[in-house]
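Visitor: Got a structure here, written out as structure tokens. Questions coming.
The values are calculated or read from the model by the stated rules, or taken from the named source; none is laboratory data. Nothing here was measured: the structure is a model prediction, and the numbers come from that model. All Cβ positions, glycine included, derive from the backbone under ideal geometry; neighbour counts span all protein chains shown.
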Amino acid sequence: DKDPTPGDPQRVRTLAKHLHDFADDVSDALRLVKGMAGEGTLLEWAGKSADVFKEDFADVPKNLKKLKKSYEMCGDALADFWPKLERAQSLADKALRKGREARDSLSSAQSRLTSADSWVTRAGKEADKYKDDPTGSKSDADKPDAAKVRAATRDVQHAESAQSKAQSDVSDAQDALAAA
């Protein structure tokens, strides 16, 4: 059986925090870079190396903003996701418990139905022994005791009632299992 809701919500939560922390660090770096760009030393710097540096440096603030935004968005998505994952896992665990309980109930009900079916068969055979002889071939000495006939008839009725109840229990358990 595979886990229907894989993952560790606490690890996702921790990762979201790390991503937010990194976005905060990038924000701090962006502030420093912007501050450095505004300093007079950088503006007074002249020559070929200054030109190359300023050219390469021009995209740094824009790229840092993109980096910060990306990490914030990813951190936000994971911060939004981990509670939903935790809830989904809780619901899946509950459904699994209900499914197992329903499966156990079905197994028990099927066992009771098997026993009831067997009882109906035995009681029916016993009652058949006491049925009236339609050909009239039995002598009075071979005729069954009336109390035994009544007991066998009641036993068949009770067995059939138990069988009906067990069949109803099986149907209910199958429905519960399907719903789980």
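Visitor: Could you grab me the full set of residues in the range 55-68 that are without any contact (Cβ under 8 Å) to a residue 12 or more places away in the chain and in a helix (DSSP H, G or I)?
Guide: Correct list: E55, D56, K62, N63, K66.
Visitor: Considering only residues that are among the charged types (D, E, K, R) and touching a Leu at 6+ places or on another chain (Cβ under 9 Å), which ones fall in the range 42-97?
Guide: K54, K65, K68, E72, D76
Visitor: Yes or no: T41 at pLDDT below 95 and either assigned to a helix (DSSP H, G or I) or loosely packed, with under 12 Cβ neighbours inside 10 Å (or both)?
Guide: Here the answer is yes, as T41 does meet what is asked.
Visitor: Select, from V170, V120, V156, the only residue that is on the phi < 0 side of the Ramachandran plot, at pLDDT 85 or above, β-branched (V, I, T) and in contact with a Leu (Cβ under 6 Å, 6 or more places away or on another chain).
Guide: The match here is V170.
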